[in-house]
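Enquirer: Have a look at the structure that comes next, please.
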Amino acid sequence: MLCVAGTIPEDNFPLVEGTVEIRGNELQIGSSTIDIHRGTAALLAAAVMAAAALKQAAPFACLVGDTGTGKGSIRLYRHMIDALPHASFQTITLHYLQPIIRWQKSLQAVMGNLKPRPCLIADAGFMYAAKMSGEACLYDLFTPDVGELAFLADEEAPHPFYTRGFILHEENRVPDLIARAYKHGNAARHLIVKGAKDYLADENGILETVDQPVVEALEAIGGTGDTLTGLVSVLIDAGMNLREAAVAAIRINRLTGRIAQPTPATQIDEIIKCIPQAIRALREAPSADTGRMATG
Amino acid sequence: MAFFGFLKRNKTPDTLPDQNGRVERGILVFENTSEVIQAENLLKQNGWDIRVMGPPPEIRQGCDLVIEFPLIEELEILRILTTADLPPLKTVPVSSPLLQPVDIFQIKDYGRYLMVRAANMKLTVDKETNVIVNVSGGGCPDVPFLAASMVGQILADAPSPREIGHTLCGYALQLAYEEVRRRCSA
């Protein structure tokens, strides 16, 4: 089963856990409802949609309210540290949490001892925390955008806010940034780099590139990276190997974007609704040209 | 003074010991980024020559900012902060260069829409209406909160990330917000 840990942007949202459903235009977990906006809610909505389309179990989530003070995040770190040794998840995805080095290290120490070892995916604040802590290599997958890749590549930056200018991104330098991130031990075993072209890479370099369809407006829309992380989490948890899951998730995400025909003003919930249609289209025509290029 | 005015000033190379080996600058360390932002506003309003910077590795906890200040003014600055109920956790002399916040913007013009990226944060505005239409990027928990608070608002009326944000992602979004406002008012 897939477990997603993250935050909801409300100070009064309680710490909750359970399987997640979509009811109407909201997520439902226990007795709590959540609007589908960018962030962990978008990740979960995409994951619920994909799991349903693929006839997989709905994702499990551990959520707490946090508007940036970190108080909710610390509660969730504590909860995960206590609860994970008694749970059994095949895949754990860690998302919008306040990046705090000591709490990441404590949680990683617990996750590293789980047997069997789950696939560990980190995005957003938790990815920052893993890199800050020097423990990136203990994760199976990071999902940075190109700007965040520059942060991973900058061995001195503790947060993207401090990425040095000479490293800040130019998309045509992605291979160099990937190499630099691995050279300094600041990348997970695999990276999905989200951008105009999406890449899957490991320590040997770029394994796959997907550059079609092109939907330029997606870069401006908050949550399109969250949906990709949700999709790849479901596909890995469904048993696909990481490379195939990554490519499939990238293709679904890009095709979903095209189906939605967004403008830069489109909101993520409008795009997420198109995920089932994209999955159906790719299942019916799996060889459809989405610009995939395997290089590794 | 603008919140990010420090980015536009000449960087003073005074974070290291002077030629006589004296340390001239110190840093104020706070409980969280929100307190740093409040202290920065207060000290700048009082005319102090301070800068918001990244902390040195030995005191780094995660999503951190510190305030660099003239060490010789420590007592007066501490008095102001304490009076405002914003006492720092500690003050530390600066003995090595501090990290500089990012100061590069990337601009994408979609025609009707304009997107500005600062560090890992992107803000997109409808140029015809000046309405903020999207916030993307970032990873700290205040980003979805900031997006929910700002999207759909007219630029001039929207809450600024400085006022309601708490993290470095919020700080980066403030940079993008200031740049969008500058470009849309030009």
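Enquirer: Name the long-range amide H neighbours of residue A:207: under 5 Å, sequence gap of 5 or more, or other chain; modelled H, no Pro or chain starts.
Expert: A:200, A:201, A:202
Enquirer: Also: Using a Cα-Cα cut-off of under 20 Å, which lysines could be cross-linked to residue A:273, ignoring same-chain neighbours fewer than 8 residues away?
Expert: Partners found: A:55.
Enquirer: How many Cβ atoms of partner chains, on average, are near each residue of A:122-132 if near means within 10 Å of its Cβ? Please report the intermediate quantities before stating the final value.
Expert: Values: counts 1, 1, 9, 10, 1, 1, 9, 3, 0, 0, 5.
The per-residue average across the peptide is 4.
Enquirer: If you don't mind, another one. Which of rounded, prolate, oblate describes chain B, given a ≥ b ≥ c as roots of the alpha-carbon gyration tensor eigenvalues and a/c under 1.5 marking rounded, otherwise prolate only if a/b is larger than b/c? Mind showing how you got there, number by number?
Expert: Details: a/c = 2.21, a/b = 1.96, b/c = 1.13.
Here chain B falls in the prolate category.
Enquirer: Would you pull out the residues with amide H under 5 Å of residue B:24's amide H, same chain only if 5 or more places away, H placed 1.01 Å from N?
Expert: Long-range HN contacts for residue B:24: B:18.
Enquirer: Among the trypsin sites (Lys or Arg not before Pro) within the stretch A:20-84, which fall in a DSSP loop and have no more than 15 other Cβ atoms within 10 Å of their own Cβ?
Expert: Those satisfying the criteria are A:55.
Enquirer: Figure the gain on full extension for residue A:243 and residue A:113 (residue separation times 0.36 nm, minus the Cα-Cα span) and round it to one decimal in nm.
Expert: Values: separation 130, 0.36 × 130 = 46.80 nm, distance 2.46 nm.
So the extension gain works out to 44.3 nm.
Enquirer: With a/c under 1.5 counting as rounded, go ahead and sort the stretch A:21-101 into rounded, prolate or oblate using the C-alpha gyration tensor (a ≥ b ≥ c being the square roots of the eigenvalues; past the cut-off, prolate if a/b is larger than b/c, else oblate). Before the final figure, lay out the partial values.
Expert: Details: a/c = 2.02, a/b = 1.32, b/c = 1.53.
Judged from the Cα gyration tensor, the stretch A:21-101 comes out oblate (a/c at least 1.5, b/c at or above a/b).
Enquirer: Exactly which GluC sites (Glu not before Pro) in the stretch A:203-250 are in a DSSP loop and have at most 16 other Cβ atoms within 10 Å?
Expert: Details: sites: A:203, A:208, A:216, A:219, A:244; in loops: A:203.
Taking the stretch A:203-250 and a limit of 16 other Cβ atoms within 10 Å, the loop GluC sites (Glu not before Pro) found are A:203.
Enquirer: Counting Lys and Arg as +1 and Asp and Glu as -1, what is the net charge of the other residues whose Cβ lies under 13 Å from the Cβ of residue A:71? Let's see the in-between values first.
Expert: Numbers: positive: A:75, A:78; negative: A:10, A:11, A:66, B:31, B:142.
That sum, taken over residues with Cβ under 13 Å, equals -3.
Enquirer: Could you give me the ³J(HN,Hα) list for the stretch B:130-137, computed from phi with Karplus coefficients 6.51, -1.76, 1.60 and θ = phi - 60°, whole Hz, x at Gly and Pro?
Expert: Each residue's phi maps through the Karplus curve to give 6, 8, 6, 9, 7, 10, 9, x Hz.
Enquirer: Next up: Suppose a student asked you for the relative contact order of the stretch B:105-185, using Cα pairs under 8 Å spaced at least 6 residues apart; what percent would you report? Let's see the in-between values first.
Expert: Details: 138 pairs, mean separation 22.8, N = 81.
Once divided by the residue count of the stretch B:105-185, the mean separation gives 28 percent.
Enquirer: Follow-up. Assuming R0 = 45 Å, can you tell me the calculated FRET efficiency for the pair residue B:49 and residue A:204, based on Cβ-Cβ distance, to the nearest 0.05?
Expert: Values: r = 49 Å, r/R0 = 1.10.
Once rounded, the FRET efficiency stands at 0.35.
Enquirer: Mind giving me the FRET efficiency for residue B:76 and residue A:33? R0 is 41 Å, r the Cβ-Cβ distance, nearest 0.05 is fine.
Expert: Values: r = 51 Å, r/R0 = 1.25.
E(calc), rounded to 0.05, equals 0.20.
Enquirer: Another one. Filter chain B for me: DSSP H helices, axial length by Cα at least 20 angstrom, mean Kyte-Doolittle hydropathy not below 1.0. List them by residue number.
Expert: Values: long enough: B:168-185 (26 Å, -0.20).
The qualifying helices: there are none.
Enquirer: Under the definition of partner shielding as Cβ atoms of other protein chains within 10 Å of a residue Cβ, what is the mean value for peptide A:3-11?
Expert: 3
Enquirer: With r as the distance between the Cβ atoms of residue B:153 and residue B:109 and R0 = 22 Å, compute the FRET efficiency 1/(1 + (r/R0)^6) and round to 0.05. Each step should come with its number before you reach the end.
Expert: Values: r = 21 Å, r/R0 = 0.96.
E between residue B:109 and residue B:153, to the nearest 0.05, is 0.55.
Enquirer: Please say if the stretch A:123-185 is rounded, prolate or oblate, where rounded means a/c under 1.5 for a ≥ b ≥ c the square roots of the C-alpha gyration tensor eigenvalues, and otherwise the choice is prolate for a/b larger than b/c and oblate otherwise? Don't jump to the answer; show the numbers that get you there.
Expert: Working: a/c = 1.55, a/b = 1.36, b/c = 1.14.
Prolate, because a/c is 1.5 or more and a/b exceeds b/c.
Enquirer: Would you work out the relative contact order for chain A, in percent, from Cα pairs under 8 angstrom that are 6 or more residues apart?
Expert: Details: 604 pairs, mean separation 54.3, N = 296.
With pairs under 8 Å counted, the relative contact order is 18 percent.
Enquirer: Could you pull out every Cys in chain B that lacks a partner Cys with its beta carbon under 4.7 Å away?
Expert: Isolated Cys, chain B: B:63, B:184.
Enquirer: While we're on this one: Could you let me know the centre-to-centre spacing of the stretch A:100-132 and the stretch B:78-153, using Cα atoms, in angstrom?
Expert: Measuring centre to centre over Cα atoms gives 26 Å.
Enquirer: Considering only Cα-Cα distances, which of the following residue pairs are longer than 27 Å: A:197/B:122; A:131/A:194; A:131/B:122; A:71/B:108; A:71/B:122?
Expert: Working: A:197/B:122 18 Å; A:131/A:194 18 Å; A:131/B:122 22 Å; A:71/B:108 35 Å; A:71/B:122 25 Å.
Cα-Cα > 27 Å for A:71/B:108; rest within.
Enquirer: How much net charge surrounds residue A:223 when only the other residues with a Cβ under 9 Å from the Cβ of residue A:223 are counted, with Lys and Arg +1 and Asp and Glu -1?
Expert: Net of charged neighbours comes to -1.
Enquirer: Also, quick follow-up: Of all alpha-carbon pairs in the protein assembly as shown, indicate the percentage at a distance above 38 angstrom.
Expert: Values: 24384 of 115921 pairs.
Of all Cα-Cα distances in the protein assembly as shown, 21 percent exceed 38 Å.
Read-outs: derived from the displayed coordinates by stated rules, not from any lab. Nothing here was measured: the structure is a model prediction, and the numbers come from that model. All Cβ positions, even for glycine, are placed from backbone atoms using ideal geometry, and neighbour counts span all protein chains on display.
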